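**Student:** Below are the structure tokens for one structure; questions will follow.
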Amino acid sequence: MHLTRTLAILLCGFYSSAVSQTFVVVNEQTELDGMADGTAAWVDINQDGHIDLNAGNQIWLNDGDGTFSQMPDTSIAASAVWGDINNDGYPDAVCWAGPGYLYLNEAGKSLKDISDNLPDFPTKVSLGATLGDFNGDTYLDIYVGGYESPAYQLDAMYFGNGDMTFKEAWRTKGTTMPARGITTADYDEDGDLDIYVSNYRLVANTLWQNDGKGVFAQVEKAAKVDGDGGLGAWGHTIGSSWGDFDNDGHLDLFVGNFSHPPAYQDRPKFLKNLGKGGEWVFQDLSAEAGLAWQESFASPALADFDNDGKLDLYFTTVYGGDHCVLYKNNGGFKFSNVTSESGISADTTYQAAWGDFDNDGDLDLATKGRLYQNQSASRNYVKVKLVGNDVTDKMAIGSQVRIKIGEEMLTRQVCSSTGQGNQNSTVLHFGLGDHDSDVKATVNWIGGGSQEVTLKVNASNTVTRP
């Protein structure tokens, strides 16, 4: 490591301990000066074990020594979601802007524009897309949301053909759903990926339930995730995130509603998944969660930042005078605001994504064009990278891992998108608190099938589908 880099990192550590903040901005020390705002995606582009950062249209490679450098001679058209479209082990980029752009990752050395392989999107303006093997053929598909310009745009689904080309499978009918953030989960635990669309302009959100073959039914009303609908109006939803807040083994849903003062407009929603016994319906526990209202809430991202085993919430805002917040999960769907003591000071941004860029066992945050390094006191953790095979796409998007600690079942899933246009690291991160021995885990692979594994504590584990 260069001497200047070593000194910078040491000074960063000294500063953070002196002020006792959980997070410290390290753009200068990591040579991320000029990092774009907009959206963020953590992805290991060159598969060297150090996650890289896609910020807006910029590609920053993690040098593995605490610094980043921009990928030589490479930029992409706009913000992207990442997935391995040709199952070669290297994640590729899909940009949802304009007609749509597709970039093939050439062994981590360059990105090749193969946008001609992608039919033009019908979405003149789009704010998000998501990837997953929706029809069960092992190849990643693309769901892109349409916003407005000014008329509401259509959403569309593209199935991968297996040769790095795509065909349009279907599009929404009518123009009544102005989509913003789009995110996926196998919320009903049947082995296939379902899709949640955050719709703006006081209309209901959409939950697409998958039959495993890429045929979807709208079930948002039956599942009680459409919104309140008071006085004929729902929420201005910008972004949403899936995660198991109460460690019962089922993925819950946080719905990130922007809302003006009138009470009939939906506030942000903490929705508990009642599981199979509750017919996969969601219970609204927002009133007791403790989130203080701000008008311009926008893009949420979930992570266990303090490694206590519970998923916490980072939530951005986009109006001047409002402030992005970090809420700690206290258990039982109750949260407390820890923003001031965290050291995070950001506002007016949609950018929010979590990943362990320095491989020290805690999660760091990209937001507002800044990299916040996590300086939390050391606690035990487990990291898991899932690798698919000829049954599951190589990145295993949608697969879930469960670890039982005492009476709690910690659950994490591989996801290609969160909030509005962001992407957390696909390396799954479990805080274990005081638990310091190896753990047994169950992997539920997307496409069906499960696997029992033992995971090393305080280490990175790779699990390949047999």
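**Student:** Just to be sure I follow: if Rg is taken over the C-alpha atoms of the range 19-58 and Rh is the Kirkwood radius over the same atoms, what is Rg/Rh? It would help to have the intermediate numbers written out before the result.
**Tutor:** Working: Rg = 12.1 Å, Rh = 11.8 Å.
Expressed as Rg/Rh, it is 1.03.
**Student:** What is the count of Lys pairs in the range 237-362 whose alpha carbons sit under 13 Å apart, if the two are 8 or more places apart or on different chains?
**Tutor:** Taking the Cα cut-off of 13 Å, the pair count is 4.
**Student:** Right, another one. On full extension of the chain, what length is gained from Ile405 through Asn330, given 0.36 nm per residue of separation minus the C-alpha to C-alpha distance?
**Tutor:** 25.3 nm
**Student:** Oh, and also: Rounded if a/c is under 1.5, else prolate if a/b beats b/c, else oblate: with a ≥ b ≥ c from the C-alpha gyration tensor eigenvalues square-rooted, which is the range 406-455? Intermediate results must be reported in sequence, preceding the final value.
**Tutor:** Working: a/c = 2.52, a/b = 1.38, b/c = 1.82.
Since a/c reaches 1.5 but b/c is at least a/b, the shape of the range 406-455 is classed as oblate.
**Student:** Moving on. Using only the alpha carbons, work out the radius of gyration and Dmax of the chain in angstrom.
**Tutor:** 20.4, 63
**Student:** State whether the range 30-152 is rounded, prolate or oblate according to the following rule on the C-alpha gyration tensor (a ≥ b ≥ c being the square roots of its eigenvalues): a/c under 1.5 gives rounded; otherwise a/b larger than b/c gives prolate, and the remaining case gives oblate. Each step should come with its number before you reach the end.
**Tutor:** On the way: a/c = 2.12, a/b = 1.37, b/c = 1.55.
Because a/c hits 1.5 or more and a/b fails to exceed b/c, the range 30-152 counts as oblate.
**Student:** Next up: What relative contact order, as a whole-number percentage, does the chain give when Cα pairs under 8 Å and 6 or more residues apart are counted?
**Tutor:** Numbers: 1391 pairs, mean separation 67.9, N = 466.
Relative contact order for the chain comes out at 15 percent.
**Student:** So for each of 182-188, 450-456, 460-466, 95-101 I average, over its residues, the number of other beta carbons within 10 Å; can you give me the resulting order with the highest mean first? The partial results should precede the final answer.
**Tutor:** Numbers: 182-188: 24.0, 450-456: 12.9, 460-466: 15.3, 95-101: 20.4.
Most protected by this proxy first, the peptides run 182-188, 95-101, 460-466, 450-456.
**Student:** While we're on this one: Sticking with the crude label model, points 7 Å out along Cα→Cβ, report the distance from Glu168 to Tyr319 in nm, one decimal please.
**Tutor:** 3.7
**Student:** Could you give the dipole magnitude of the range 343-445 about its Cα centre, charging the beta-carbon of Lys and Arg +1 and that of Asp and Glu -1, in debye to the nearest 20?
**Tutor:** Working: 10 positive and 13 negative charges, 52 e Å.
Its charge dipole is roughly 240 debye.
**Student:** Same structure again: May I ask you to give the percent of accessible area on the chain that is carbon plus sulfur, with a probe radius of 1.4 Å? Before the final figure, lay out each step's value.
**Tutor:** Working: 8510 of 16850 Å².
Summing carbon and sulfur atoms, their accessible area is 51 percent of the total for the chain.
**Student:** Here is a further query. Any idea what the dipole of the chain comes to, in debye rounded to 20, about its Cα centre with Lys/Arg Cβ at +1 and Asp/Glu Cβ at -1? Don't skip to the answer; put the middle values down first.
**Tutor:** Details: 31 positive and 63 negative charges, 134 e Å.
Roughly 640 debye, rounded to the nearest 20.
**Student:** For the chain, what is the accessible area per residue in Å², given a 1.4 Å probe and the full set of protein chains? Intermediate results must be reported in sequence, preceding the final value.
**Tutor:** Working: 16850 Å² over 466 residues.
For the chain, the solvent-accessible area averages 36 Å² per residue.
**Student:** Separate question: Rounded to the nearest Å, what's the spacing between the alpha carbon centres of the range 118-180 and the range 227-247? Just the number, please.
**Tutor:** The range 118-180 and the range 227-247 have Cα centres separated by 22 Å.
**Student:** Here's another thing I want to ask about it. Could you please state, rounded to a whole Å, how far the C-alpha centre of the range 291-310 is from the C-alpha centre of the range 74-92?
**Tutor:** 27
**Student:** Also, I was wondering about something else. Can you give me the P(r) profile for the range 328-400? Cα pairs, bins 10 angstrom wide beginning at 0, each as a whole percent.
**Tutor:** So the P(r) values, bin by bin, are 15, 33, 36, 14, 2.
**Student:** If Arg402, Arg370, Arg171 are ordered by their accessible area, calculated over protein heavy atoms with a 1.4 Å probe, which sequence runs from highest to lowest? If you can, show how the numbers build up before the last one.
**Tutor:** Details: Arg402 30, Arg370 70, Arg171 100 Å².
In descending accessible area the options line up as Arg171, Arg370, Arg402.
**Student:** On to the next question. Mind grabbing the base-10 log of I(q)/I(0) for the range 232-375 at q = 0.09, 0.15, 0.20 Å⁻¹? Debye formula, identical points on the C-alpha positions, no solvent, two decimal places.
**Tutor:** Each listed q corresponds, in turn, to -0.27, -0.74, -1.27.
The values are calculated or read from the model by the stated rules, or taken from the named source; none is laboratory data. All of these numbers come straight from a predicted model, not from anything done at the bench. So basically every Cβ, Gly included, is an ideal-geometry build from the backbone, and we count neighbours across all protein chains shown. In case anyone asks, the SASA skips ligands and DNA or RNA and just uses the protein heavy atoms, side chains included. Shrake-Rupley method; radii C 1.70, N 1.55, O 1.52, S 1.80 Å.
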